[in-house]
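Bear in mind these aren't lab numbers, they're just calculated from the coordinates by the rules spelled out. Predicted model only: the values in this text are computed from it and were never measured. Glycine gets a Cβ as well: all are built from the backbone with ideal geometry, and neighbour counts include every protein chain shown.
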Amino acid sequence: MDRVEMAVIGAGVVGLAIARELALRGREVVVIEAAGAIGTGISSRNSEVIHAGLYDPANSLKAQLCVRGKQLLYDYCEARDIAHRRCGKLVVATRAEDVPRLGQLAANGAANGVDDLRLLSRAETLALEPALQAAGALLSPSSGIIDSHGLMTALLADAERAGATLALASPVTGGAREGNGWRLRVGADFELGVRGVVNAAGLFASQVATALGVPAPKLRFARGHYFSLAGRAPFSRLIYPLPADGGLGVHLTLDLGGQARFGPDVQWLPGSDPAMLDYAVDPALALAFEAEVRGYWPGLAPGALQPAYSGIRPKLSGPGEPAADFRIDAQPGLVNLFGIESPGLTASLALAERIATRLG
């Protein structure tokens, strides 16, 4: 049986950030990933947005780690030359009766420590983005976009430079406490002795925890579809409607080349096995997407949306329930991360700080 000081299960953006932080603190780290490449799950199927910290309740883990993580992420992108852009975003109220909700969102962001928000009148909104249909908007200048794969590549490179190793195609299939540490079973018969374990397995986090013999919450899975735009959109900022049940509404995001995509919607999925989830995008959903988008961009041409991809979020709350916070379950030698969805990418470096400190 091989032995190593620390094992991080999951090579998505959060797992890689944690492995990097632990390795930079002098720990001997192995990253154990079930897939054949890094970042094939949640980390590769999202909007690639750097969030400012507007939405989550003050003092929640999501709010704290998003605001801290945003600054860490911008600094890291500058230091490591990772492609990103602080393009800003507008949260749009399309009806006059919804404008007060913008003020509530601004107050929530301010309570979270976001100090650059600005409420805009209809005229001010249209001066920035003339193609919008809006009664008013909230401007978030510090929101941005990032090359998530470039980020993960940099995190892995830093971790490996500091001595970490990566094991791909290596599912954790079992484990048990052994003395002051853990004995992990990887694959069918390989065993690994470790002093500490971080379960950052994303969609599979509850399955991994169960395999280790520790309590785990039931995760609910919500699929979000994305559609891309044929041609260029007349926007230079991210455009978000007001939040909807289970998500932030069908919003417009831009990639670093300026191409627009729309999504995600929220479609709750049956079943509890993440290995059986379906990522298909039904082209017929384009009509519903067009209707949503025309609420704030009436100039969207018919048939301009094309199926792009979908992503699935591991949620700790179900339909119609208040959004749950990140959940960090810690016991000696083991940290389980549950429900790490948006803003997990933005929060990744702050999560890594917190987990590394907690492990001592």
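Observations
- Correct choice for Cα extents along the principal axes in Å that was computed from the model, options (i) 66, 40, 35; (ii) 62, 52, 42; (iii) 67, 40, 39: (i)
- Near ILE50, the amide H atoms lying under 5 Å from its own belong to GLY144, ILE145, ILE146; only residues 5 or more places off or on other chains count, and H is placed 1.01 Å from N.
- Other-chain or far-sequence residues with amide H under 5 Å of ALA83's (modelled H): ASP147
- Part-to-part distance (alpha-carbon centres) for segment 139-207 and segment 1-59, which is given in Å: 6 Å
- Convex hull of segment 191-261 built on C-alpha atoms - directionally averaged projected area, nm²: 8.4 nm²
- Euclidean distance between Cα centres, segment 255-310 to segment 66-105, Å: 21 Å
- Charged neighbours of ALA222, selected by a Cβ distance under 10 Å, balance to +2 (K, R count +1; D, E count -1).
- Leading residue at positive end of dipole, the chain (Cβ point charges), from HIS251, ASN180, GLY271: ASN180
- Estimated distance in nm for a label pair at ALA111 and LEU128, the labels positioned 7 Å out from Cα along Cα-to-Cβ: 2.3 nm
- Surrounding net charge for ALA52, when Lys and Arg each add one and Asp and Glu each subtract one, Cβ distance under 13 Å: +4
- Interchain or long-range residues, amide H under 5 Å from LYS315's placed H: ARG220, PHE221, ALA222
- Divided by 2.2 N^0.38 Å, where N counts the residues, the Cα radius of gyration of segment 14-165 comes to 1.24.
- Each peptide in 128-135, 248-255 gets a packing score, the mean of other Cβ atoms within 10 Å over its residues, and the list from highest to lowest is 248-255, 128-135.
- Segment 4-34: trypsin sites (Lys or Arg not before Pro) in DSSP coil with no more than 16 other Cβ atoms inside 10 Å: ARG25
- ALA137 sits among other residues whose Cβ lies under 10 Å from its own Cβ, and their net charge, with Lys and Arg +1 and Asp and Glu -1, is +2.
- Helical contribution to [θ] at 222 nm, DSSP H n ≥ 4, -39,500 (n - 2.57), averaged over the chain, rounded to 500: -8500 deg cm²/dmol
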